[in-house]
1. So residue 104 fits all but one of (1) modelled with pLDDT under 95; (2) touching a helix residue (DSSP H, G or I) at 6+ places or on another chain (Cβ under 9 Å); what number is the exception?
2. With respect to residue 189, determine if the residue is under 17 Å from residue 206 (Cβ atoms) and either in a strand (DSSP E or B) or open to solvent by 50 Å² or more (accessible area, probe 1.4 Å) (or both).
3. Which residues, taken from the range 138-150, are open to solvent by less than 40 Å² (accessible area, probe 1.4 Å) and either touching a residue at least 40 places away in the same chain (Cβ under 8 Å) or out of contact with any Phe, Trp or Tyr (no Cβ under 6 Å at 6 or more places or on another chain) (or both)?
4. So for the range 120-130 (the condition being under 20 Å from residue 177 (Cα atoms), touching a residue at least 60 places away in the same chain (Cβ under 8 Å) and not aromatic (Phe, Trp, Tyr)), does at least one residue qualify?
5. List the pairs whose first member sits in the range 161-183 and is open to solvent by 80 Å² or more (accessible area, probe 1.4 Å), whose second member is modelled with pLDDT under 95, and whose Cβ atoms are under 9 Å apart, counting only residues at least 6 apart or on separate chains?
6. With the structure loaded, tell me whether residue 135 is open to solvent by less than 30 Å² (accessible area, probe 1.4 Å) and at pLDDT below 95 or whether it fails that test.
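The values are calculated or read from the model by the stated rules, or taken from the named source; none is laboratory data. Please read all numbers here as calculations on a predicted model, not as lab measurements. Here the Cβ positions follow ideal geometry from the backbone for every residue, glycine too, while neighbour counts run over all protein chains shown. Side chains included, ligands, DNA and RNA excluded: accessible areas come from the protein's heavy atoms. Shrake-Rupley method; radii C 1.70, N 1.55, O 1.52, S 1.80 Å.
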Amino acid sequence: MITNSTLLTITISHSDVKITVEELVGSLSRKLKHLMYYGKRMKKAIAILFLLTIGITSCKTHEKEADKLGIAKKYYRAINNSNPSKTKELITKRFTTVDDGFEQKYNGSEYAEWVKWDAVFQPTYDILKIEKEDGVVKAKISKIDKRISFLHRGPIITDEVLEFEGNKINNIKRTSTLFDVEEFVKNRDELVRWIADHQPELNGFLNEQTKSSGLNYLKAIELYKNKKQGTTTTFKRNSS
């Protein structure tokens, strides 16, 4: 019969070490508690690390989304200031605009030239609303300039969706919410007819969206308006 005082012999490196069962159980119990204690601490550490990882990932994702909103605001600021080089920095090498279903593709230099054309008419872009949603930026934009004032008699308002490739804008889809297309087309066609009859050297001012064609477009508007008002102004065709 083995009692609590029975001696066990454990051979370690050819030496006999004699301990009681109580001592052995006590030693194992202490080691088990030690392992359990540090095991719990390890679990807590792993749980905290996991939560921190989720938090950091969430913050980075939020920062990326916030960056898209910031990039969109920089874009509108750049075109409002008629800054072609800054605008070019914010878009992809292949860039697309879709205006009420009409698609136009540009490379960076072509869109910079469009900004130069737009600048001729001294535009003002007002951000009426802007927000990020599902990886895109949605904005409501009001635009007015000398060309729009003449053709539309007031600002044009559009809902715009800006899509991104990395940290650059690669697509802008515009849908007009305030645009009198009949008024716009009527005034444009009347201007084209009048120029053909009275200032044929400016014919073709609608054909391109470059700075030189923009200057001819503006001259055509001023000549037409001055004629209607009974004043005379002499312009030379811009071919630069």
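1. Checking residue 104 against (1) modelled with pLDDT under 95; (2) touching a helix residue (DSSP H, G or I) at 6+ places or on another chain (Cβ under 9 Å), the one that fails is (1).
2. When the stated conditions are applied, residue 189 passes them.
3. Correct list: 139, 141, 142, 147, 148, 150.
4. Yes, some residue in the range 120-130 is under 20 Å from residue 177 (Cα atoms), touching a residue at least 60 places away in the same chain (Cβ under 8 Å) and not aromatic (Phe, Trp, Tyr).
5. As it stands, the answer is 167/64; 167/67, since those pairs meet every condition given.
6. In short, yes.
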